[in-house]
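Participant: Below you'll find the structure I mean.
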Amino acid sequence: MSEHSGLIVNGLSVHYGQHQALNQVSLNIKPGEIVVILGANGAGKSTLLRSIGGLTPRTGGSLQMNGHPLATLKAHQIVETGLALVPEGRGIFGDLTVEENLLLGAYAKRARADQQQNLERIYSLFPRLVERRRQIARTMSGGEQQMVAIGRAMMSSPSILMLDEPSLGLSPLLSSDVFKTCKAVRETGLGILLVEQNAKQSLSIADRGYLLENGQIVAENSARNLLNDPAVQKAYLGGS
Ligand code: ATP
């Protein structure tokens, strides 16, 4: 693996008018690791992923993906560098079938030639989607729809996937399915930058984590150390 592989974010800032939503955020992630960003409502988690992906304008900082600077790239060009975002709420097309949704993820130039191979890889990772490939997406369960959204992002042949609160609105059972899915995706060599409010489950599958408070990174550590940190337990794990 080259020293340039993966995503490096340095001093990223975002403003909404006068309001500073992100203040000098720095982080990194390499293929093959799960890195979680924990933060309360409004901490800036969605803004962080959207601004990295080029969907929300940045007001400062530099970003590199696999050695490519991202500053001047548009969202679709950022996908071509190997970085894919699954937005909060999944953004799947409810009236299309599972397979049609997956194929829509293959528009990136880097992925067109690998479309069939990627589809097979995704079906082997998510056997439930094979059985349901012709099913209309909105009739799938929330957990299955999350699999479709992750599968669609994987159709662009990414090396890093960014997931915005994949467990949001899911029952505990379906949430744990989603976290198992993340582990299976990591096994294929991808890196996952995971934004979550579900601290316990996300830290239990992650390698490392960052705490985001009011738009700033206030701590960075291994997932194990964060799980055992009394301040993290108090703020995010319901401990006292
Ligand atoms: P949640 O977990 O509730 O989704 P979050 O950590 O993802 O929260 P963001 O959605 O990134 O937080 O929002 C960070 C801050 O920026 C909040 O104070 C929010 O109100 C503000 N904000 C987000 N989007 C906009 C926008 N388009 N215009 C103005 N302010 C915004």
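Participant: Roughly speaking, what is the centre-to-centre gap between the stretch 1-54 and the stretch 96-140 when only Cα atoms are used, to the nearest Å?
Facilitator: 28 Å
Participant: Which ³J(HN,Hα) values in Hz, rounded to whole numbers, follow from the phi angles of the stretch 16-27 under the Karplus curve 6.51 cos²θ - 1.76 cosθ + 1.60, where θ = phi - 60° and Gly and Pro get x?
Facilitator: 10, x, 7, 7, 8, 8, 10, 10, 6, 7, 10, 7
Participant: Also: Pairs of alpha-carbon atoms within less than 8 angstrom and 6+ residues apart define the contacts here; what relative contact order does the chain have, in percent?
Facilitator: 27 percent
Participant: Now for a separate question. Quick one: Karplus J couplings for the stretch 223-230, per residue in order, coefficients 6.51, -1.76, 1.60, θ = phi - 60°, nearest Hz, x for Gly and Pro?
Facilitator: 4, 5, 5, 5, 4, 9, 7, x
Participant: Provide, in order from the shortest bin, the percent of all Cα-Cα pairs of the chain in each 10 Å bin, continuing until the bin that contains the maximum pair distance.
Facilitator: 8, 33, 37, 19, 3, 0
Participant: Further, regarding this structure: How many lysine pairs are close in the chain, with Cα atoms under 30 Å apart and the two 8 or more places apart or on different chains?
Facilitator: Total qualifying Lys-Lys pairs in the chain comes to 22.
Participant: In terms of the Cα gyration tensor, with a ≥ b ≥ c the square roots of its eigenvalues, is the stretch 34-158 rounded because a/c is under 1.5, prolate because a/b exceeds b/c, or oblate? Show your work: numbers first, answer last.
Facilitator: Numbers: a/c = 2.29, a/b = 1.46, b/c = 1.56.
Cα axes put the stretch 34-158 in the oblate bin.
Participant: Tell me, what ³J(HN,Hα) does each residue in the stretch 90-98 have, in order and in whole Hz, if you take phi through Karplus 6.51 cos²θ - 1.76 cosθ + 1.60 with θ = phi - 60° and put x for Gly and Pro?
Facilitator: 6, x, 7, 8, x, 8, 9, 6, 4
Participant: If I take the Cα coordinates of the stretch 173-240 and project them onto the principal axes, what are the three extents in Å, biggest first?
Facilitator: So the three principal-axis extents are 34, 25, 20 Å.
Participant: From the square roots a ≥ b ≥ c of the eigenvalues of the alpha-carbon gyration tensor of the stretch 114-191, which class results: rounded (a/c under 1.5), prolate (a/b over b/c), or oblate? Spell out each step's value before the answer.
Facilitator: Details: a/c = 1.79, a/b = 1.16, b/c = 1.54.
In terms of gyration-tensor shape, oblate.
Participant: If N is the number of residues in the stretch 69-115, what value comes out of its Cα radius of gyration divided by 2.2 N^0.38 Å?
Facilitator: On the way: Rg = 12.2 Å, N = 47, 2.2 N^0.38 = 9.5 Å.
With N residues counted in the stretch 69-115, Rg over 2.2 N^0.38 Å equals 1.29.
We did not get these values from a lab; they are worked out from the coordinates using the rules stated. Values in this document were obtained by computation on a predicted structure and should not be read as measured data.
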